[in-house]
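We did not get these values from a lab; they are worked out from the coordinates using the rules stated. Treat the numbers as computed from the prediction; the structure is a model and nothing was measured. As a convention, Cβ positions derive from the backbone with ideal geometry for all residues, glycine included, and neighbour counts pool all protein chains shown.
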Amino acid sequence: MDGYTTSSTRQPGPPQAPEGCLTKAIRLPVQLIALIVVVPLRLLWDALVYCCRGLYRWVLTPLGHALRWLFTIFVVVPLRALGTALAWLFRYLVWVPLRWIYQVLLTPVGHGLRWLCHYLVVVPAVAFYRYVLTPVGHAVLWVARGIWAVVTFVVRYTIVVPLTALWRYVLGPVLGAIWSVLVWAWTVAGRISRFVWMCVSTLFRWVFVIPVAWLWRHVLRPPLVAFRDHLWRPVARAVRQALRGVRRALFGAPSAPPGGGPVPAQRTPGQPDPGQPAPVPVPHGAAYPHGGHPRYPYPGPGHPAPYQQPPAAGPYPPAAGGHQPGPGQPPAPQPGPYPQPGPGQTPYPGPYQQPAQQPQAGYVNPYQQAPQQHPAPYPAPRQSDPRAPRGSGSGD
C-alpha cells in the first residue's frame, strides 16, 4: 500500500469475459499515450501539493490562530458583554411588561375570540370540506393517476430502456477501460515521480549541499577565523584605544571617586596591569614538590607556591621595619585582624593570611602521592619519516 488507488485495492467484482486481440491491441497504445501525458501532470501535481502543504502548515495555520485570537479579544468578548447588557435591558424593559399585558389583558380577549371563531368559522369550513371538496378531490386524483400511468409507460419504453441498453453494452465498457488505463497510468506516474524527486534531492545534496559545506568548513571558515583573530580584533582594539585617547584629550581624565582615592587606570581586557610585574615561573619539576596533580598545583603544608607574584607599590603600607619583599620572595605579613603564623608555620600565599596546620606524628595522608617528576604539559610533536608515503603514519 503506497497511498495510491490501484486495481488491487478495489473490491473483487464478478468475473469478466476474456478480452479479444483487438481490445489488447488498442489498449497498449492508449496506455503509453496516457502515461506520457500523465507523468508531467503528476510531477506538477506533487510539487503543487508539497508547496500548498508547506504554505498551509507554516503560514496559514499561524495566521489563522493569530486572527482567531484577535477576533476573540476584539470582537467576541465585546459582543458578548454587549449582548449580556442588551439581554438584561430587553428582559426588564420589554419582556416583563409584555408578559404582564399578555396574562392580564390578552388572554381573556383571546379566549372569547377563539370561541367565536370556532363556532362561526371552523364548524362551517369543516362541513364544506367533508361534504363538498372531498368527493371532487377523489375524482380529480383518479384521473391524474391514469394520466401518470400512461405517461410513465411511454417514457419508460421510449427513453429509459434505450439509454440503459446504450450505457450497459456500449458506454460502460468503454469508459471502464479508459478509467482503468487512467488509474494505472496515475499509479505508475506516482512511482516515477517519487523516484525522480528522490534522484533530484540526492543529486542536489551531492552537487550543492556537500560541496558548499566542505567549502565553508575547509576553505572559507579558516581564513575568516584568522581574519577575525589576527586582523579584526587587533584593529578594533587599536581603534578603541585611539578613541579613548581622543576622549581623554577632549574631555580630560575621569573624575576622582567619592572616596578621594586614585583613579583606576583604563586598560584593555587581556592587557597586563603596568603596575604589576610579570609573574616569575618556576620550573615544572620544582612546581609540584608535594606530589600533587599537575591540574591542581596547590601547595601543601610546608611547600612554597608554584608561582609567586611580588606585590607592586600600591595603597598598602610596607611591612614592619621598612622591609619590602623582592621578586620571588613571599610577601611579608601585614598587620590586620587575621592571626599571624607562629613558629614552624608557613603563611598561605594569598591576600588573607591563614596559619597552615602541621600534621601530627605518625599521621599519613591517604590522598597525598609520592613526589615524582611530571612530564611536560604538552608533548613534543611527533616527527614523521619523510620517506614514508603521505597519510600512512603520524596519525595526522
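General remarks:
- The stretch 20-203, relative contact order in percent, only Cα pairs under 8 angstrom and at least six apart counted: 81 percent
- Cβ-Cβ FRET estimate between Leu106 and Trp45, R0 fixed at 41 Å, reported to 0.05: 0.05
- Added length on full extension, which subtracts the Cα-Cα distance from 0.36 nm per residue, Leu215 to Val121: 23.8 nm
- With R₀ fixed at 56 Å, the C-beta to C-beta distance from Phe128 to Tyr169 puts the FRET efficiency at about 0.45.
- Across the stretch 51-65, coupling constants 3J(HN,Hα) worked out from phi with the 6.51/-1.76/1.60 Karplus curve, θ = phi - 60°, read 5, 5, 5, x, 4, 5, 6, 9, 10, 6, 5, x, 5, x, 4 Hz, and Gly and Pro carry x.
- Projecting the Cα atoms of Ser193, Val94, Pro78 onto the dipole axis of the stretch 20-203, where Lys and Arg carry +1 and Asp and Glu carry -1 at the beta carbon, places Ser193 farthest toward the positive end.
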